[in-house]
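This report refers to the structure that appears directly beneath it.
The values are calculated or read from the model by the stated rules, or taken from the named source; none is laboratory data. Everything quoted here is computed from the prediction, not taken from an experiment. Note that each Cβ is placed from the backbone with ideal geometry, even for glycine, and that neighbours are counted across all protein chains shown.
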Amino acid sequence: MTKALEIENLSKSFAGVPAVKNVSFAIEKGEIFGLLGPNGAGKSTTINMIAGVCRVGDGKISAFGYDNQRDYRFTRRMLGVVHQEIVIDNFFTVDQALKLHAGYYGVKDDPDWRQLLIERLGLGPHLGKVMIKLSGGLKRRFMIAKALIHKPQLLILDEPTAGVDVELRHGLWDFVREINRQGTTILLTTHYLEEAEQMCDRIAIMNHGELIALEQTHELVRRLSNRQLRFWLETPLLELPVEFNDYRPQLQDDGHELLLCLPSGESAGALLKKVCALGLDVRDIETDQSGLEEVFLQLTGLREGAGGE
Amino acid sequence: MENKVPTATYYAWLPFVTLLRKEILRFWRVASQTLLTPIITASLYLFVFGATLGERLSVLEGFSYAQFVIPGLILMGVINNSFANTSSSLFMSRYLGGIVDLLVTPVTPPQFILAYTLAAMLRGSLVGTVVWAISTLFADLPWHAPLLAILMAMLASFLFAQFGLIAAIFAHNFDTLSMYSNFLILPLIYLGGVFYPISILPQPWEKLSYLNPLFYLIDGFRHAIIGVGDTSFTVAFGVSGAIALLLFCWAAWLIGKGYRLRS
């Protein structure tokens, strides 16, 4: 079956400095695919090569079976791109700009579809405004409407919620889920890892221009994240037993709380048995699973802050 | 998975028509800058050279100075505005990042060049036509070969639309862009025989004027209107056509490659 997007051995350098190194991945039709990575990881360069903003260095990109260089007139019709930077034309009103954008893609204005986008993205009261008069959030919403106006089959969102407030972010993601349910494939980058974890079927992580992980989101989190077990002890523990050295142990609340990290492949039950075997009097137990953020930091070698490119 | 988002029908010609429309709307929305200002400037020239100094000057036997200078002033309006339209539109797109919106679309390089060029030619023609209309207050032109005059004006407009595209691609900032018009086009227009026939210049300035590409455009246009020129219309048209073709090929190559447009 034809993939929505297929990238083979993609590379790109700027002034001899590699930005993307031999990256390959494919996106299935109807998928929500997350491309994550810290600043300078090569995500935006990859997206720019897919969209045609940036020339392909080496390798091949196909969208819905068409080569994005040879058959660019077909591939670009099928893609809608929301750029990371706000791109607007101050000469035109929101309504004029939406009509023009449909035309650039060779699509005649469809008033029903345009109206639907306007309503769903809350642009109705602002149709007659020129872009410069729009707030940051409205500009973001306009950019999403603009990327969808020609009814693309693959929507590329390069950090569409950067600098956007929580309410608007939720609204945008709800809308993205909705159009995905209707069959539009989504490729997104975001530096809100919790959102990526909730939204994406699969996630690829890039670092230093290379693809360092590509899995189903839940698999990636399950395989690489650490589950942590917190034991509340009746009798405080004054010294950590050596048996816990492999579990990154921590003592809190004057020895009444013991935190142990559960390695991948070991069950919580087995660890509980070990704790009890050492004679510790367990009053209560809680487990929590670290999420994508922990996985991301672990894979990219970052400990503080994870931002967009 | 079946896509329930309504499917679109594509029209290959529509990207070109839309881009042309956008380029026309762009200059129309700021008509006070793009049309009115150049018309006022040209009118002042007409007043100075047509109604005041013109009555005391005579540079070509059988013609008033106003009749001599008006074709040059019309062409100056055409040239300046054709250049300004493509150069400012493309440079602003590059500078403000809006070019990205076009780069992701299926607009082909020929459609891109043609849309920008035709919009620039329309603006140049509008300014040229209004300047001519105002000039009728100062002098009647003999219109020796009107079709050839229009052809020459269109060629000049096309040539400078290409030059505007090239300048916009190479310009680093607004200063560089204004340098093209202030330090290149303006001196070449003034030295290209707008205000005097080059035959009255002493040597070597007369011979050097033949190296000025603007001379051929201005002389050819004037020749078609008043029937007299420093060189034959064929030579003027041939040289101008060759330069226009050269610039078109250069602009097409740059835009086709995405030079300084795509990273």
Review point. Could you say whether any residue in the range B:203-223 is surrounded by fewer than 20 Cβ atoms within 10 Å (Cβ to Cβ), touching a residue at least 24 places away in the same chain (Cβ under 8 Å), assigned to a helix (DSSP H, G or I) and of a type outside the set (S, T, N, Q)?
Key: yes
Exercise for review: Would you check if there is a residue in the range B:5-18 being among the polar types (S, T, N, Q), away from every other protein chain (no Cβ under 14 Å), in a helix (DSSP H, G or I) and without any contact (Cβ under 8 Å) to a residue 12 or more places away in the chain?
Suggested key: no
Check your understanding: Listed residues B:82, B:43, B:89; which is part of a helix (DSSP H, G or I), small (Gly, Ala, Ser) and within 14 Å of another protein chain (Cβ to nearest Cβ)?
Key -> B:89
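Confirm whether residue A:162 is away from chain B (no Cβ under 11 Å) and buried (at least 23 other Cβ atoms within 10 Å of the Cβ). Walk me through how you get there before you give the answer.
On the way: away from chain B (no Cβ under 11 Å): yes; buried (at least 23 other Cβ atoms within 10 Å of the Cβ): no.
When the stated conditions are applied, residue A:162 does not pass them.
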**Study point:** Among the residues listed as B:63, B:91, the single one being buried (at least 23 other Cβ atoms within 10 Å of the Cβ), in contact (Cβ under 8 Å) with a residue 60 or more places away in the chain and aromatic (Phe, Trp, Tyr)
**Key:** B:91
Check your understanding: Consider residue A:18 against the criteria (1) closer than 12 Å to residue A:209 by Cα; (2) buried (at least 17 other Cβ atoms within 10 Å of the Cβ): it satisfies all of them except one. Which criterion is unmet?
Key -> (2)
**Study point:** Search result, residues across the range B:155-187 that are surrounded by fewer than 17 Cβ atoms within 10 Å (Cβ to Cβ) and among the hydrophobic types (A, V, I, L, M, F, W, C)
**Key:** B:170, B:174, B:179, B:183, B:184, B:186
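Give the residue, chosen from B:2, B:55, that is farther than 30 Å from residue B:198 by Cβ and either surrounded by fewer than 19 Cβ atoms within 10 Å (Cβ to Cβ) or modelled with pLDDT of 95 or more (or both).
Numbers: B:55 fails: farther than 30 Å from residue B:198 by Cβ.
After applying the criteria, what remains is B:2.
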Practice item. Out of A:95, A:89, report the one residue that is among the charged types (D, E, K, R), more than 21 Å from residue B:97 (Cβ to Cβ) and within 14 Å of chain B (Cβ to nearest Cβ). Key: A:95
Review point. How about the range B:224-251: which of its residues are free of Cβ contacts under 8 Å to residues at least 40 places away in the same chain, assigned to a helix (DSSP H, G or I) and of a type in the set (S, T, N, Q)?
Key: B:234
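Whether any residue in the range B:144-162 is under 30 Å from residue B:65 (Cα atoms), among the β-branched types (Val, Ile, Thr), part of a helix (DSSP H, G or I) and within 18 Å of the chain's Cα centre (by Cα) is what I want to check.
There is at least one residue in the range B:144-162 that is under 30 Å from residue B:65 (Cα atoms), among the β-branched types (Val, Ile, Thr), part of a helix (DSSP H, G or I) and within 18 Å of the chain's Cα centre (by Cα).
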Revision key, fill the gap. Of the residues in the range A:223-269, those that are over 30 Å from residue A:43 (Cα atoms), assigned to a helix (DSSP H, G or I) and not aliphatic (A, V, I, L, M) number 6
Revision key, fill the gap. Pairs returned, first residue in the range B:94-109 that is at the interface with another protein chain (Cβ under 8 Å from one of its Cβ atoms) and among the hydroxyl-bearing types (Ser, Thr, Tyr), second residue that is part of a loop (DSSP other than H, G, I, E, B) and crowded, with 21+ Cβ neighbours inside 10 Å, beta-carbon separation under 6 angstrom, 6 or more apart or interchain, are B:105/A:105
**Study point:** the range A:121-138, residues that are crowded, with 18+ Cβ neighbours inside 10 Å and either among the charged types (D, E, K, R) or within 13 Å of chain B (Cβ to nearest Cβ) (or both)
**Key:** A:131
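Quick one: is residue B:192 surrounded by 22 or more Cβ atoms within 10 Å (Cβ to Cβ) and within 21 Å of residue B:77 (Cα to Cα)? Talk me through it step by step, then tell me what you get.
Values: surrounded by 22 or more Cβ atoms within 10 Å (Cβ to Cβ): yes; within 21 Å of residue B:77 (Cα to Cα): yes.
In short, yes.
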**Study point:** Hits in the range A:180-212 - residues which are among the aliphatic types (A, V, I, L, M) and buried (at least 19 other Cβ atoms within 10 Å of the Cβ)
**Key:** A:186, A:187, A:188, A:193, A:196, A:199, A:203, A:204, A:205, A:206, A:211
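Being at the interface with chain B (Cβ under 10 Å from one of its Cβ atoms), aromatic (Phe, Trp, Tyr) and either touching a Ser or Thr at 6+ places or on another chain (Cβ under 8 Å) or surrounded by fewer than 19 Cβ atoms within 10 Å (Cβ to Cβ) (or both) is the requirement here; does residue A:33 meet it? First the steps, then the outcome.
Details: at the interface with chain B (Cβ under 10 Å from one of its Cβ atoms): no; aromatic (Phe, Trp, Tyr): yes; either touching a Ser or Thr at 6+ places or on another chain (Cβ under 8 Å) or surrounded by fewer than 19 Cβ atoms within 10 Å (Cβ to Cβ) (or both): yes.
The answer is no for residue A:33.
If you take just the helices (runs of 4 or more DSSP H) that sit entirely in the range A:132-222, which of them hold at least 1 residues that are under 22 Å from residue A:117 (Cα atoms), among the charged types (D, E, K, R) and in contact with a Ser or Thr (Cβ under 6 Å, 6 or more places away or on another chain)? Even if it seems obvious, please write down each step before you answer.
Numbers: elements: A:136-148, A:166-181, A:193-199.
Because the criterion is at least 1 residues that are under 22 Å from residue A:117 (Cα atoms), among the charged types (D, E, K, R) and in contact with a Ser or Thr (Cβ under 6 Å, 6 or more places away or on another chain), the helices (runs of 4 or more DSSP H) in the range A:132-222 that meet it are A:166-181.
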Point to revise | the range A:102-120, residues that are assigned to a helix (DSSP H, G or I), within 7 Å of chain B (Cβ to nearest Cβ) and under 29 Å from the mean Cα position of the chain (by Cα) | key: A:104, A:113
Practice item. Please work out which one of (1) more than 27 Å from residue A:261 (Cα to Cα); (2) in contact with a helix residue (DSSP H, G or I) (Cβ under 8 Å, 6 or more places away or on another chain) is the condition residue A:174 fails and give its number. Key: (2)
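For (1) in contact with a Leu (Cβ under 8 Å, 6 or more places away or on another chain); (2) aliphatic (A, V, I, L, M); (3) modelled with pLDDT under 90, each residue gets a yes or a no:
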{"position": "A:113", "(1), (2), (3)": "no, no, no"}
{"position": "A:116", "(1), (2), (3)": "no, yes, no"}
{"position": "A:120", "(1), (2), (3)": "no, no, yes"}
{"position": "A:123", "(1), (2), (3)": "yes, yes, no"}
{"position": "A:149", "(1), (2), (3)": "yes, yes, no"}
{"position": "A:157", "(1), (2), (3)": "yes, yes, no"}
{"position": "A:160", "(1), (2), (3)": "yes, no, yes"}
